[in-house]
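Novice: Got a structure here, written out as structure tokens. Questions coming.
The values are calculated or read from the model by the stated rules, or taken from the named source; none is laboratory data. All of these numbers come straight from a predicted model, not from anything done at the bench. No Cβ is skipped: glycine too gets one built from the backbone with ideal geometry, and neighbour counts run over all protein chains shown. In case anyone asks, the SASA skips ligands and DNA or RNA and just uses the protein heavy atoms, side chains included. Shrake-Rupley method; radii C 1.70, N 1.55, O 1.52, S 1.80 Å.
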Amino acid sequence: MTTAPTPTPATTTDPLSLIDIDHIRFYVGNAKQAAYFYAYTFGFTIEQYEDLTTGSREQATYLLTQGNIRLLLTSGITPGHPAQEEVRRFGDGVKDVSMTVHNAEASYERAIKNGAISDLEPVTWSDENGSVTRASIKTYGRVVHSFVSRTGSYALPNIKKGGMFAPGFAKMNDIWVNQYNKDNPCGLLYTDHLVGNVELGKMNYWVKWYEDVLEFKMFKHFDDEDISTEYSALMSKVMTSGNNLIKMPINEPAEGKRKSQIQEYLEWHDMTPGVQHLAFRNDDEISSVAELSRRGVDFLYVPKSYYDEVWDRVAKLGWDVKEDHERIRDLGILVDADDEGYLLQLFTKPLQDRPTLFIEIICRRGSQSFGKGNFKALFESLEREQDRRGNL
Ligand code: FE2
């Protein structure tokens, strides 16, 4: 089995050396309202914004933060803004998975030389406090990757401490929900991985694209023979950045015992690839899931029969789950293991009315995998429940 590569620090000499996930930008129908949804349900702080009152004449954006996660929620406010057209076709979802680099222009040029298609040539916004440079390339479907480099007070270490995100942004006034979230933390720390759904037969194309253009490597590989295919109706390969900062599994639909969830996503996403889920990491799955559930996050239903087998499955791999088993069962948390350890995970239902983007809440205890053992376990537990009802 593959061992997790050891992360190495970003170097300044390599233009595609990534420092961090700078931010993840969503295009949404109504950024002002979406900001409150993510604040109330997932515990994000609504930190900064740009809109008509700050001189932003084309779009409104809200910066939401939690741990080292930065989300930008953007709506077009003019009929011609591209976010309007995208929301019409795809609904709310992820537009840009953006990476902090040392020199956005150099990263962009290298990616273009490697075969990327441009989405935005380098642009710099600056004021007396510093500058932010952004350049973007197109990846699968609706999604782009921006390279972002920052100077002065806009440098990443300052942003992490609550400094201004970019020229033109303004701080939110004190709002009740921000204080509430401080008092009742959800414990989300950073983006563990993010998953893209691509068209049937295109997985290997996009794997090669990440290898060629962004100089990523394959992290783990499940193929046709893998048991997960039969039960999950998907094939998946995991790409990782050179320094192992970002892990990006890529799914394509496959034949299985159930209708492919990837196919369903594509059908409701104008047959266009996009981000299927963002996985947010925590260090205490029980506390995070309990708090998120209390706030009304709609998690996937896990049948109680799942827990008939789960502890044995994990024990067979040599691991003893330290967390309270009863609490795990009550909260419906999923458990998986590999030869490096175990993990706790749970998936939300789609976050919008279309069955597209959802969020995963994950805690790793050594395991570096993505929970593929749960496909079979969930499928079999649903069958056991069906059997108990006499309907199998
Ligand atoms: Fe995941």
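Novice: Going by the conditions given, is Arg354 of a type in the set (Lys, Arg), in a loop (DSSP other than H, G, I, E, B), touching a residue at least 24 places away in the same chain (Cβ under 8 Å) and more than 15 Å from the ligand (Cβ to nearest atom)?
Specialist: Answer is yes for this residue.
Novice: Can you tell me which residues in the range 273-296 are within 23 Å of Asp92 (Cα to Cα), over 16 Å from the mean Cα position of the chain (by Cα) and either open to solvent by less than 20 Å² (accessible area, probe 1.4 Å) or within 16 Å of the ligand (Cβ to nearest atom) (or both)?
Specialist: Leu292
Novice: I would also like to ask the following. Given the conditions (1) open to solvent by less than 10 Å² (accessible area, probe 1.4 Å); (2) within 14 Å of the ligand (Cβ to nearest atom); (3) in a helix (DSSP H, G or I), report the number of the one that Ser305 does not fulfil.
Specialist: For Ser305, the exception is condition (2).
Novice: With the condition kept exactly as written, say whether any residue in the range 214-228 is surrounded by fewer than 17 Cβ atoms within 10 Å (Cβ to Cβ) and within 15 Å of the ligand (Cβ to nearest atom).
Specialist: no
Every residue, every condition in (1) open to solvent by less than 10 Å² (accessible area, probe 1.4 Å); (2) at pLDDT 90 or above, yes or no:
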{"residue": "Arg327", "(1), (2)": "no, yes"}
{"residue": "Glu360", "(1), (2)": "yes, yes"}
{"residue": "Phe370", "(1), (2)": "no, yes"}
{"residue": "Glu380", "(1), (2)": "no, no"}
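Conditions (1) more than 22 Å from Asn374 (Cβ to Cβ); (2) of a type in the set (Lys, Arg); (3) crowded, with 16+ Cβ neighbours inside 10 Å, marked per residue:
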| position | (1), (2), (3) |
| --- | --- |
| Ala166 | yes, no, yes |
| Phe169 | yes, no, yes |
| Trp176 | yes, no, no |
| Trp206 | yes, no, yes |
| Tyr231 | no, no, yes |
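Novice: In the list Thr240, Thr229, Thr191, which residue meets the criterion of being closer than 30 Å to Asn129 by Cα and either touching a strand residue (DSSP E or B) at 6+ places or on another chain (Cβ under 7 Å) or modelled with pLDDT of 95 or more (or both)?
Specialist: Thr191
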